[in-house]
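The block underneath contains the structure these notes are about, expressed in C-alpha cells.
The values are calculated or read from the model by the stated rules, or taken from the named source; none is laboratory data. Model, not experiment: these values are computed from the prediction. Cβ placement follows ideal geometry from the backbone for every residue including glycine, while neighbour counts extend to all protein chains displayed.
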Amino acid sequence: MTLRPDLAAIAAHVAKGSRVLDIGCGDGALMAELESTLGVDARGLELNPAQVERCVARGLSVVQGDADSDLANYPDKAFDYAILSQTLQTAKRPDLMLDELLRVGAKAFVSFPNFAHWRTRAALMFGGRMPVTSALPLSWYETQNIHHVTIDDFRELARAKGAQIERSWFFAGEKQIGAPAANWRAEFAVFELSR
Amino acid sequence: MATPPASKSFALPNDLPLDCGQALSNVEIAYESYGELAADKSNAVLICHALTGDQYLASPHPVTGKPGWWEQMVGPGKPIDTDRFHVICANVIGSCMGSTGPMSDGLDGKPYAMRFPVITIRDMVRGLVVLLDGMGIERLHSVVGGSMGGMQALSLAANWPDRAERVLVIASTARHSAQNIAFHEVGRQAIMADPAWQDGDYYASDASPDNGLAVARMAAHITYLSEEGLTAKFGRRLQDRSSKSFGFDADFQVESYLRYQGSGFTQRFDANSYLYITRAMDYFDLADEFAKTPGSGKLADAFAGTGSRFCLVSFDTDWLYPTAESRHIVHALNAAGAKVSFVELSAPHGHDSFLLEHAALDRVVQGFLE
C-alpha cells in the first residue's frame, strides 16, 4: 500500500528492528509498514476508538488514549523513535508534547501542515478568512488544529527546546521539494529531532 | 442447587498448594473443550469464566438448559473460531459445577462447607496450570477472560509468563476497589444472615440459603448493568398491573426482573461457593502479590520481562470495572515494555456488555487472536 508522503519519508529513515512509538497512529498504516518491511517493534497511541479497533483487528499493538496526557505513562527512552505525524498542531501544548517526544524516544519524527504556505497566506491576506486548503481542509470551527504552526515557528521551537534538527523534508502536494524557501513553498514538513 | 451432571473431569495428581498456606487434596477440575487440538498443540485457547460462570461457554448449561454463556463469541466461524482453535474452559476451584469446592466432600467424606480453605485468584489459576500440564499444553495460543476471567488471565500472565502467547482481558481489573469489596460484602452478609445458611452446613439439611443467595445475586446484578440500560429496559413501568398496589409486591418491572434473576440463580449456584469466590476476587490485588513489602507493589513489576502480547478492552458504561482500571493495567504494561493494545468500546449495557452481542468486540477479539 502507498503511504502518505510524510509517512513514507519517515518510514524510509527508521532503522531496521528499532522500537517505535507512533503517536496519533490513525489506522496504523505506518506501523504496519514498519513492522512488515523493517521488522520494527511498533506501538501506537490513538484517540479515536474506531481507529484503534481497526489497528487491533490488524494485529497492531495500539492503545486508545490522549497524547496530551498519556505519554507521561511511558518510561524515559523506551523507544528509538517517537513519531508524531500531523498531530502536533492538535496538541493542547505542542511545546510540552515536543519535550515528551524527546523524553520517551531517543529521536523524534514530527510532521505537520505548514501554515505559512503561500496559498494559506494568500487566503488570509486576500480573502480575509481563515484558510481552507487541500492541506487544511476543514473550517476553523470544526478543525482539530488548535495550534497552527509554520516551518519557521517549528524551527524556533526546536531551538528554544534545545532539540537538534537532524534532517528535514518538505512537500508540496504529493511532491517532495527542496529546503530553500520551504516556509513559503511547502504544504507539509517532516523533521527528525534529537536531544 | 441440584448436583451438577458430570463434565469432563481432571483429577490433579498432587495436592494443590494454596496462597493461604494450606494444600488441597484430591482436587478435581471439571472442564469442557471445543475444537480439535492441533498435533503440535499450538492452537489451545484457555477461556476463564467469571464469578458465576462455568465451563459451559459454548454448549447448553446442563441445569438451566440455556445456551452457553459465550456462544456468540465461541464456536465454528465465530470470533473465537473452534474450527481453528482448541478452546478449553474449566470450572474454577471453589465453584460448584464439578470442580472441587465447598460442596465437595473433604477427606472425612463430608462436604467441606466452611472448612474449605479460602482461595485466591492465583490458586484458581494454579489449578488451571496443572490442568494444562495434564493436557500436555505448555504454551497457550491465548488466554482470554472477562471480569473475574480477566483477573485469571492477568494472574496467569504475571505468575506463569511463559504459558500464554496472547492475553486478552475484557471488562476487568488488576485489583478490587473498596466499592467492589463493599458490594460483595452485601452479598455475603445476605447469605450468612439467612437462617437456612446454618454456618454453611446446609448440604445435608432440607433447607438451603436460597433467599440470601437470591438477594446477593440481585445486589450484584445491579452492578452488572448500567443506569441507562435499566432505564431503557424497565423505566418506571409497572409489572402486570395498571396502578401501584400500595404494598410490597413487585410493583415495578425492575423489581420483578431482579427477583426472577435472584431465584433463577439459586437453581444453579451454591451459596458457599458464592462466599468463597467473591472472597477470592476481593483479595485480588496483582500489584500487591509482587510487592517486596506490603502496600509497596507496582503493577508494572508483575509484568516485568513479559514476552506476551496483551489486549485490554473496557466498556464506557461499565461502572463495576470502569475504563480507568483497564488504563491502569495498560500503563503498567507500557512501563514494563509489554506489547499492549487497549480500546474502550461504547455499549449501553454496563459490565455485562462483554457477554452480549457487540460487533466491535467481535472484531477486536478476532483480530487480536489472528
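Data overview
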item: Members of the range B:354-364 that are more than 10 Å from chain A (Cβ to nearest Cβ) and surrounded by 24 or more Cβ atoms within 10 Å (Cβ to Cβ); result: B:Phe354
item: Residue list for the range B:81-119, restricted to those being under 19 Å from B:Met151 (Cβ atoms) and in a strand (DSSP E or B); result: B:Ile88, B:Cys89, B:Ala90
item: In the range A:107-127, the residues that are surrounded by fewer than 17 Cβ atoms within 10 Å (Cβ to Cβ) and among the aromatic types (Phe, Trp, Tyr); result: A:Trp118, A:Phe126
item: Residues satisfying the stated conditions in the range B:126-145, i.e. in contact with a strand residue (DSSP E or B) (Cβ under 8 Å, 6 or more places away or on another chain) and not in a strand (DSSP E or B); result: B:Arg126, B:Gly127, B:Leu128, B:Val130, B:Leu131, B:Leu132, B:Gly134, B:Met135, B:Ile137, B:Arg139
item: Filter pass, B:Leu275 being of a type in the set (A, V, I, L, M, F, W, C) and under 17 Å from B:Gly146 (Cα atoms); result: no
item: The lone exception for B:Trp319 - which of (1) among the aromatic types (Phe, Trp, Tyr); (2) in contact with a Leu (Cβ under 9 Å, 6 or more places away or on another chain); (3) more than 9 Å from every other protein chain (Cβ to nearest Cβ) it fails; result: (2)
item: Residue match in the range A:138-159 (condition: small (Gly, Ala, Ser), at positive phi and out of contact with any Cys (no Cβ under 9 Å at 6 or more places or on another chain)); result: no
item: Pick from the range B:315-335, criterion touching a residue at least 60 places away in the same chain (Cβ under 8 Å) and charged (D, E, K, R), ranking: surrounded by the fewest Cβ atoms within 10 Å (Cβ to Cβ); result: B:Glu325
item: Which listed residue, of B:Asp123, B:Asp133, B:Asp83, B:Asp105, is without any contact (Cβ under 8 Å) to a residue 60 or more places away in the chain and within 20 Å of B:Tyr274 (Cβ to Cβ); result: B:Asp105
item: Residue that is surrounded by the fewest Cβ atoms within 10 Å (Cβ to Cβ) [pool: residues in the range A:35-45 that are more than 9 Å from chain B (Cβ to nearest Cβ) and under 19 Å from the mean Cα position of the chain (by Cα)]; result: A:Glu35
item: Every residue from the range A:143-164 that is assigned to a helix (DSSP H, G or I) and either more than 22 Å from A:Arg185 (Cβ to Cβ) or in contact with an Asp or Glu (Cβ under 9 Å, 6 or more places away or on another chain) (or both); result: A:Leu157, A:Ala160
item: Output for the range B:209-242, where each listed residue is among the polar types (S, T, N, Q) and modelled with pLDDT under 95; result: B:Gln239, B:Ser242
item: Which numbered condition B:Gly367 fails, given (1) touching a helix residue (DSSP H, G or I) at 6+ places or on another chain (Cβ under 6 Å); (2) surrounded by 19 or more Cβ atoms within 10 Å (Cβ to Cβ); (3) more than 9 Å from chain A (Cβ to nearest Cβ); (4) not charged (D, E, K, R); result: (3)
item: Counted residues, the range A:67-111 - those being within 11 Å of chain B (Cβ to nearest Cβ), under 18 Å from the mean Cα position of the chain (by Cα) and hydroxyl-bearing (Ser, Thr, Tyr); result: 1
item: Test: A:Gly24 is touching a Leu at 6+ places or on another chain (Cβ under 7 Å), within 11 Å of chain B (Cβ to nearest Cβ) and closer than 20 Å to B:Leu312 by Cα; result: no
item: Breaking point among (1) in contact with an Asp or Glu (Cβ under 9 Å, 6 or more places away or on another chain); (2) away from chain A (no Cβ under 11 Å); (3) surrounded by fewer than 22 Cβ atoms within 10 Å (Cβ to Cβ); (4) in a helix (DSSP H, G or I), for B:Thr278; result: (3)
item: B:Val169 more than 18 Å from B:Thr52 (Cβ to Cβ) and under 12 Å from the mean Cα position of the chain (by Cα); result: yes
item: Conditions (1) modelled with pLDDT of 95 or more; (2) in a loop (DSSP other than H, G, I, E, B): number failed by A:Ser134; result: (1)
item: Residue tally, condition buried (at least 23 other Cβ atoms within 10 Å of the Cβ) and either more than 10 Å from chain B (Cβ to nearest Cβ) or among the charged types (D, E, K, R) (or both), over the range A:53-66; result: 1
item: Residues satisfying the stated conditions in the range B:330-353, i.e. touching a helix residue (DSSP H, G or I) at 6+ places or on another chain (Cβ under 7 Å) and more than 11 Å from every other protein chain (Cβ to nearest Cβ); result: B:Ala347, B:Pro348, B:His349, B:Gly350, B:His351, B:Asp352
item: Residue match in the range B:23-33 (condition: without any contact (Cβ under 8 Å) to a residue 24 or more places away in the chain, assigned to a strand (DSSP E or B) and over 28 Å from B:Ser263 (Cα atoms)); result: yes
item: Candidates A:Gly26, A:Gly17, filtered to the one that is surrounded by fewer than 24 Cβ atoms within 10 Å (Cβ to Cβ) and within 14 Å of the chain's Cα centre (by Cα); result: A:Gly26
item: Among the residues listed as A:Ala50, A:Ala9, the single one being in contact with a Phe, Trp or Tyr (Cβ under 7 Å, 6 or more places away or on another chain) and either assigned to a helix (DSSP H, G or I) or under 24 Å from B:Val364 (Cα atoms) (or both); result: A:Ala9
item: Verdict on A:Thr133 being surrounded by 12 or more Cβ atoms within 10 Å (Cβ to Cβ), hydroxyl-bearing (Ser, Thr, Tyr) and touching a Lys or Arg at 6+ places or on another chain (Cβ under 8 Å); result: yes
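Results for (1) of a type in the set (Gly, Ala, Ser); (2) buried (at least 24 other Cβ atoms within 10 Å of the Cβ); (3) closer than 27 Å to B:Glu289 by Cα; (4) modelled with pLDDT of 95 or more, shown as yes or no for each residue.
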site	(1), (2), (3), (4)
B:Pro102	no, yes, yes, yes
B:Arg115	no, no, yes, yes
B:Met124	no, yes, yes, yes
B:Met135	no, no, no, yes
B:Val143	no, yes, yes, yes
